[in-house]
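Asks: Mind having a look at this structure? Questions to follow.
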Amino acid sequence: MRKIVLVTGAMALMSIAGHATAQEGTVTGAAGGAVTGAIVGGPVGAAIGGVAGAIAGTAIDPPPREVVTYVQQQPLPPAPVVVEQPVVIGKPIPQDVVLTAVPDNNRYAYAIVNNQRVIVDPQTYTVVQVVP
């Protein structure tokens, strides 16, 4: 029973620690998760924490300022695209949403979804940033 409580506690802390280190990449996420897991659950907690931290640490880096500025300056389309799911950073939008490439930076594309400008990874349709 004690191990279950420790593992559950480690997973809760990893969730918090993973979000804090998500912008720093996979290596930092894994290290932070391992340290948090070791503190809470010892060697087993370190292993679980490292895996969870690595997963949380793979968040997509925000696009460069030039990409955001370009997307902000584009006119709104005449027919808005509406999807039922919420638009969330790190989650994909439906593959049937038509993306527009960002010139001079093929790592990003954008779309206007639910009246929001969203920058996405065109390979995975994962939302990278919601542009105000």
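Asks: List every residue pair whose Cβ atoms lie under 7 Å apart, where the two residues are 6 or more positions apart in sequence or sit on different chains, the first residue falls within the stretch 67-83 and is assigned by TED's automatic domain parsing to the domain that holds Asp96, and the second residue, located anywhere, is exposed (fewer than 11 other Cβ atoms within 10 Å of the Cβ).
Replies: Pairs that qualify, where the first residue is assigned by TED's automatic domain parsing to the domain that holds Asp96 and the partner is exposed (fewer than 11 other Cβ atoms within 10 Å of the Cβ), are Pro80/Asn115.
Asks: Of all residues in the stretch 88-121, count the ones that are assigned to a loop (DSSP other than H, G, I, E, B), within 17 Å of the chain's Cα centre (by Cα) and buried (at least 17 other Cβ atoms within 10 Å of the Cβ).
Replies: So the first thing to find is which residues in the stretch 88-121 are assigned to a loop (DSSP other than H, G, I, E, B), and the list is 88-91, 93-99, 102-108, 114-115.
From what is left, the residues that are within 17 Å of the chain's Cα centre (by Cα) are 88-91, 93-94, 107-108.
Checking the rest, the ones that are also buried (at least 17 other Cβ atoms within 10 Å of the Cβ) come to 93, 108.
Result for the stretch 88-121: 2.
Asks: Hey, does the stretch 85-95 have a residue that's at pLDDT below 95 and in contact with a Pro (Cβ under 9 Å, 6 or more places away or on another chain)?
Replies: Yes, there is a match, as at least one residue in the stretch 85-95 is at pLDDT below 95 and in contact with a Pro (Cβ under 9 Å, 6 or more places away or on another chain).
Asks: In the list Asp104, Asp121, which residue meets the criterion of being at pLDDT below 95 and either in contact with a Pro (Cβ under 6 Å, 6 or more places away or on another chain) or of a type in the set (D, E, K, R) (or both)?
Replies: On the way: Asp121 fails: at pLDDT below 95.
Asp104 is the lone residue from the list that is at pLDDT below 95 and either in contact with a Pro (Cβ under 6 Å, 6 or more places away or on another chain) or of a type in the set (D, E, K, R) (or both).
The values are calculated or read from the model by the stated rules, or taken from the named source; none is laboratory data. As the structure is a prediction and not an experimental result, all values here were calculated from the model. Reconstructed Cβ throughout: ideal geometry from the backbone, glycine too, with neighbour counts over all protein chains shown.
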